[in-house]
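Report on the structure given below.
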Amino acid sequence: GAGPVHTIADLRGRRVSLGAAGSGTEITATRLLNVAGLSGDLIHRARLNLDESVAALRSGRIDAFFFSGGLPVRAIADLALGSPTRIVDLGDWTEPLRERYGDVYVSRDIPRSVYGVDPVTTVADPNFLIVRTDLPEPLVRNVTRLLMERRSELAAAHPAAGRMSPRSAIATSPLPLHPGAA
């Protein structure tokens, strides 16, 4: 089977990688553990990057790991192909995260088609391209146009880029959209 971890509460007393030190994954994982009442030494923390986390899970050195990335994440797809894998549903934790840490967190579904495992809802923190407010509007407009027009080329580097669209790009809350991007 895929192991004993079915919920975030099941992480208590287990060895868990929170992501690489200083990474966005580590920040989100730490915040999730805080709102779930698992702060401090209630879990045995490791700070491993994704490849290290996958290797440690496969070898039994950790029981679970967190990772945040645009779908699909190749290392997780490879893990799910090669061994019994469970992605823990975190959908119930989006609102507590938002209440404590701000509106940047959203819920996202991971359908069975992504990794071939049971579908779940997870916590996501969208990526933003952040620019200074005084950057010239024509420059920001041209960068935005380039990103939209070259989605298929960007998707060759990462499939998530192919899902960018004008509709998704204007959803920048809680950050304001630069007038040049608008």
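A short reminder: the numbers here are calculations on the coordinates, not readings from a lab. Everything quoted here is computed from the prediction, not taken from an experiment. Note that each Cβ is placed from the backbone with ideal geometry, even for glycine, and that neighbours are counted across all protein chains shown.
Could you give the angle, 0 to 90 degrees to the nearest 10, between helix 50-59's Cα long axis and the longest principal axis of the Cα atoms of the chain? Taking the Cα atoms of the chain, the angle to 50-59 is about 20 degrees. Round to the nearest 0.05 the FRET efficiency obtained for Ala9 and Asp103 when R0 = 35 Å and r is the Cβ-Cβ distance. With R0 = 35 Å, the Cβ-Cβ based efficiency is 0.90.
Dividing the mean sequence gap of close Cα pairs (under 8 Å, 6+ apart) by how many residues the chain holds gives a relative contact order of 19 percent. Connecting C-alpha atoms closer than 10 Å in a GNM of the chain, tell me which of Ser113, Ser23, Ser68 has the biggest fluctuation. The residue with the greatest mean-square fluctuation here is Ser113. Computed from Cα atoms alone, the Kirkwood hydrodynamic radius reported for the chain is 18.0 Å.
Measuring nothing but how far apart in sequence close Cα pairs (under 8 Å, 6+ apart) lie, relative to its length, the stretch 1-57 scores a relative contact order of 43 percent.
All Cα-Cα separations within the stretch 78-182 were binned at 5 Å from zero, giving a P(r) of 2, 10, 15, 17, 17, 16, 12, 7, 3, 1, 0, each value a whole percent of the pairs.
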